[in-house]
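The values are calculated or read from the model by the stated rules, or taken from the named source; none is laboratory data. Please read all numbers here as calculations on a predicted model, not as lab measurements. Please note: Cβ atoms are built from the backbone with ideal geometry, for glycine as well, and neighbour counts cover all protein chains shown. For the accessible areas, the whole protein counts, side chains as well, though only heavy atoms, and no ligand, DNA or RNA atoms are used. Shrake-Rupley method; radii C 1.70, N 1.55, O 1.52, S 1.80 Å.
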Amino acid sequence: GIGSPESIVKAIQYAEANGASICNLSLGTTRYYENLDQAIRDSNMLFVIAAGNGDDGGSGMDTDATPIYPASLPYDNIISVASLNYDGALAQSSNYGASSVDLAAPGSYILSTVPGESYAFYSGTSMAAPMVTGAAALLYSYRTDLELKDIRQALLDTVHPLDSLSGKTVSGGIVDVGAAFDWQKPQE
């Protein structure tokens with residue numbers, strides 16, 4: 001679930017008003033919220049969003065058939081992220097979509113902070129999306145010649161192809177920030 005969509009919209013607006021350029025959203029629902037759609041659509045930020053972790057049985061869903069919001073929104077300021085196991089295979093629980101999920105990133109047994117000043121290992125697209133958010137932020141800070149829309153395109157154009165992602169994501173690959181550093185903007 002996503003909790004309160006109104007709170008998420010306020011958080012998006014707060015982040016942008018205070019200078020944020022890239023926003024990670026590790027949340028999702030099958031329910032469409034118009035106010036969340038509008039907040040993302042009207043924002044100048046780049047959103048990196050978890051594609052979701054499937055159904056109650058633990059199997060990933062095709063988000064081309066069953067959209068997960070906000071990851072499935074059709075905007076150019078969104079990167080929708082699937083989760084990979086440590087061996088490069090698409091995680092069994094990860095959602096996928098040949099036209100609705102952009103790329104994948106490591107999302108298995110990721111060390112994360114937890115309440116109580118501690119750490120724990122987690123798996124899922126909510127762990128994979130921050131990997132792409134970090135890659136986008138790193139690239140955006142280094143490549144000052146690129147706009148946010150270019151950062152999105154650079155990350156999509158330079159993925160490392162994986163057989164496990166062929167036909168499962170738009171790009172068919174895993175984020176490759178090293179390759180993205182060398183990406184050249186097409187001549188207009």
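Things worth noting here:
- Test result for ALA39, crowded, with 16+ Cβ neighbours inside 10 Å, touching a strand residue (DSSP E or B) at 6+ places or on another chain (Cβ under 8 Å) and aliphatic (A, V, I, L, M): no
- Of all residues in the range 111-136 being more than 20 Å from GLY88 (Cα to Cα) and in contact with a Leu (Cβ under 7 Å, 6 or more places away or on another chain), the one that is most open to solvent (accessible area, probe 1.4 Å): TYR119
- Single residue of ALA128, ALA82 found to be closer than 29 Å to GLU16 by Cβ, touching a residue at least 12 places away in the same chain (Cβ under 8 Å) and in contact with a Pro (Cβ under 8 Å, 6 or more places away or on another chain): ALA128
- For the range 43-66, a tally of residues being more than 15 Å from LEU25 (Cβ to Cβ) and either in contact (Cβ under 8 Å) with a residue 40 or more places away in the chain or of a type outside the set (S, T, N, Q) (or both) returns 11.
- Scope the range 21-36; condition more than 24 Å from GLY60 (Cα to Cα) and surrounded by fewer than 17 Cβ atoms within 10 Å (Cβ to Cβ); matching residues: SER21, GLU34, ASN35
- Near pairs, Cβ below 7 angstrom, 6+ apart or cross-chain, from the range 18-36 (under 11 Å from ILE2 (Cα atoms)) to any residue that is open to solvent by 50 Å² or more (accessible area, probe 1.4 Å) and part of a helix (DSSP H, G or I): SER26/PRO130
- A count restricted to the range 86-131 and to residues that are modelled with pLDDT under 95, of a type in the set (Gly, Ala, Ser) and not in a loop (DSSP other than H, G, I, E, B) stands at 1.
Condition check ((1) over 10 Å from LEU103 (Cα atoms); (2) open to solvent by less than 20 Å² (accessible area, probe 1.4 Å); (3) modelled with pLDDT of 95 or more) across all residues:
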{"site": "LEU138", "(1), (2), (3)": "yes, no, yes"}
{"site": "TYR142", "(1), (2), (3)": "yes, no, yes"}
{"site": "ASP150", "(1), (2), (3)": "yes, yes, yes"}
{"site": "GLY172", "(1), (2), (3)": "no, yes, yes"}
{"site": "LYS185", "(1), (2), (3)": "yes, no, no"}
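- If you go through the range 148-175 and keep only what is among the hydroxyl-bearing types (Ser, Thr, Tyr), in contact (Cβ under 8 Å) with a residue 40 or more places away in the chain and part of a loop (DSSP other than H, G, I, E, B), you end up with THR169, SER171.
- Across the range 56-76, not a single residue is classified as aliphatic (A, V, I, L, M) and more than 24 Å from GLY167 (Cα to Cα).
- Candidate set: the range 132-145, residues that are hydroxyl-bearing (Ser, Thr, Tyr) and part of a helix (DSSP H, G or I); chosen: the one farthest from the chain's Cα centre (by Cα): TYR142
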